[in-house]
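A quick write-up on the structure given underneath.
What follows is calculated from the coordinates using simple rules that are stated; it is not laboratory data. This one's a predicted model, so the numbers in the text were calculated from it and none came from an experiment. Cβ placement follows ideal geometry from the backbone for every residue including glycine, while neighbour counts extend to all protein chains displayed.
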Amino acid sequence: MAALALGLSVLEAAIPSPLPGVKPGLANIVILIVLARYGWRTAAWVSLLRVLAGGLLMGSFLTPGFFLGLTGAIFSLAILAASQHLPQRWFGPVTHSILAAFAHIAGQLLLVYFWLIPHTGIAYLLPIFALAALVFGTVNGLIAARFLDKDIPETAVMERTS
């Protein structure tokens with residue numbers, strides 16, 4: 001699963017972005033599926049392996065871009081750890097994805113402010129990134145939910161047919 005997430009990250013890096021720093025986060029679809037199937041710890045390993053291997057593979061290891069990705073991943077994983085305890089009746093892959101997307105961008109903007117550009121003008125970017133997080137978080141969550149719906153365990157199928 002980490003290799004699939006890494007492949008999606010490499011594919012995403014090849015897609016031109018209309019705004020610097022705005023990416024769809026395709027690898028997060030894999031993270032959401034892993035979270036639902038195997039739990040938070042496995043999702044954390046897949047996410048962190050993807051960031052590390054992606055940095056090495058794309059030549060950005062230990063650059064500001066690498067640390068931005070790592071910070072976003074850590075913030076996303078933290079919110080996913082907390083959101084797992086929300087009622088599953090109302091919170092699923094789509095809400096997890098939206099929360100993780102907002103946490104990702106919040107972590108990155110905090111890192112930019114405290115490390116790279118310590119200026120309050122960074123706040124002007126917040127609406128643009130928040131809108132991108134909402135749109136891409138929703139789309140990625142819907143895609144993950146669709147894949148998870150198709151993966152019905154055999155025991156559930158047998159219970160439904162009997």
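Does anyone have the angle between helix 64-83 and the longest principal axis of the chain? Alpha-carbon axes, 0 to 90°, nearest 10? Around 40 degrees separate the two axes. Counting only alpha carbon atoms, the long axis of helix 93-111 and the longest principal axis of the chain meet at about 20°. The residues neighbouring residue 58, those whose beta-carbon lies less than 15 Å from its own, together hold a net charge of +1 under the Lys/Arg +1, Asp/Glu -1 convention. The charge dipole of the chain, taken about its Cα centre with unit charges on the Cβ of Lys, Arg, Asp and Glu (plus for the first two, minus for the last two), comes to roughly 60 debye. To the nearest ten degrees, helix 2-14 and the longest principal axis of the Cα atoms of the chain are 40 degrees apart. With one equal scatterer per alpha carbon and no solvent term, the Debye-computed log10 I(q)/I(0) for segment 18-114 at 0.12, 0.25 1/Å reads -0.37, -1.41. Shape summary: segment 99-142 maps onto an equivalent ellipsoid whose semi-axes, from the alpha-carbon gyration tensor, are 22, 10, 5 Å in decreasing order. Summarising the overall dimensions of the chain from its C-alpha atoms, the Rg and Dmax are 16.5, 64 angstrom.
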